[in-house]
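Notes follow once the structure below has been shown.
The values are calculated or read from the model by the stated rules, or taken from the named source; none is laboratory data. Worth saying up front: this structure is predicted, and the values here are computed from it rather than measured. Virtual Cβ from ideal backbone geometry, glycine too; neighbours counted across all protein chains shown. Each accessible area value is taken on the protein alone, full model and side chains, heavy atoms only, with ligands, DNA and RNA left out. Shrake-Rupley method; radii C 1.70, N 1.55, O 1.52, S 1.80 Å.
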Amino acid sequence: MSSSLVPTARPSATRVVAFYALLGIALGVVAVRDLAVAQGWAAGKPWYESAIEGLDGLSASAAATAVGVVIGVIGVVALIGALLPARRTHDRTEATPGLWVSRPAIATLAEHAAERTPGVYEASAAVRRRRVMVRVADSEPETAQRVEDSVKRALDGLTDRRIVVRRREVKVP
Amino acid sequence: MRRKGRVTDRLLAVLLGALTTAAGAAVALWGLDAVPRWPSTLDLSQIDDAVVDTEWWPWAWAGIGVLLALLALTWLLRRARPVSRPPALSRASTDAGAVRVDLDSVAATVARRLEDMAPISAARGKGVDARGIFRVEVRAAIDEISDGPAIARAIERTQHELDESFGDGRAVCQLMVSAPSRWQALRRRGGTTPRVH
């Protein structure tokens, strides 16, 4: 449907800017603290003075290169984050126009459908790109087929992914 | 989050990332002594005398810091709160007169209707005028005991009702279902009886 909006999460660029925004706020706090110290309103030594004293007379060294590499890596990570597309949060269902379902929602439905199947003691589900993986703990081998049928019924119309059931046998005392 | 906000964030992130990368590369090159024109030892004594030891420097430094912090805080607050927007209105004129419809109210009603018909909860609707087509965006949490066909039937029925009200293809329903949040799931489980095999 052309007028549908593809639901996406916040782009990672927003997280990158948020990181720099927090740094900016920290810098503001330090600057105000330095002003208070420089004007004699608070005890101590301004941090900018310590920074200048520390950097003055510094020679080119392997440590400086390492610091440069670390800063560069942070910059490259920020650049990659800025260019990554926003993650899709929901998948379009082919069978029903207008219906979009998130992967955790599919997993929740599959898990509960498996849990409600007679003979199942415990169940969990994970959604992969092409399949829904359901893991169950049961006591009879026939349960796997029942779980598959039950999950298929629950997910009918929501996803075309293959249902894969993995069972773990538990002994009933 | 609006498209404009996303573009701004992307541009800002590219700019900040590029500046950081450039700064890191400059420091690394200086550390390797790779640029002959750059001094191998930093001499900041002139800056110390001409800038840092002056009367105005602490105020200028504080001013820059506070300005940056305020800009950062404003940006964070704008991203933290939901985007406010004017109500989307649809206008139609007939021989009998003009009609204006508040699309958000329609979307809220559609959300309530879907919640009644389908095994979903916490449905919230938003009306969007997408170039002449009214799009009803409904976000909801799926009920744990639910099934696909029931949701599909509900959305098909809702779409049919929208077609009857607005005309074929004039209004589109988009339902986005997610897993229930941890709090919703806990609240629901609190009232249920444990299963016994």
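Overview of values
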quantity	calculated
Residue match in region A:127-140 (condition: in contact with a Leu (Cβ under 8 Å, 6 or more places away or on another chain) and either closer than 25 Å to B:Leu175 by Cα or facing chain B (nearest Cβ under 8 Å) (or both))	yes
Residue in region A:64-85 that is at the interface with another protein chain (Cβ under 8 Å from one of its Cβ atoms) and in a loop (DSSP other than H, G, I, E, B) present	no
Counted residues, region B:28-54 - those being under 27 Å from A:Trp47 (Cα atoms), open to solvent by 50 Å² or more (accessible area, probe 1.4 Å) and not polar (S, T, N, Q)	9
Selection status of A:Ala105, over 30 Å from A:Val172 (Cα atoms) and open to solvent by 10 Å² or more (accessible area, probe 1.4 Å)	no
Residues of region A:9-53 classified as open to solvent by 50 Å² or more (accessible area, probe 1.4 Å) and of a type outside the set (A, V, I, L, M, F, W, C), total	10
Options A:Ala105, A:Ala51, A:Ala38: the member that is of a type outside the set (Asp, Glu) and touching a helix residue (DSSP H, G or I) at 6+ places or on another chain (Cβ under 9 Å)	A:Ala38
Subset of region B:107-136 [more than 19 Å from B:Pro180 (Cβ to Cβ) and either assigned to a strand (DSSP E or B) or touching a residue at least 60 places away in the same chain (Cβ under 8 Å) (or both)]	B:Val110, B:Lys126, B:Gly127, B:Val128, B:Asp129, B:Ala130, B:Ile133, B:Phe134, B:Arg135, B:Val136
Some residue of region A:94-102 being farther than 30 Å from B:Val172 by Cα, touching a helix residue (DSSP H, G or I) at 6+ places or on another chain (Cβ under 6 Å) and modelled with pLDDT under 95	no
Filter result for A:Gly98 (surrounded by 13 or more Cβ atoms within 10 Å (Cβ to Cβ) and within 30 Å of B:Ile142 (Cα to Cα))	yes
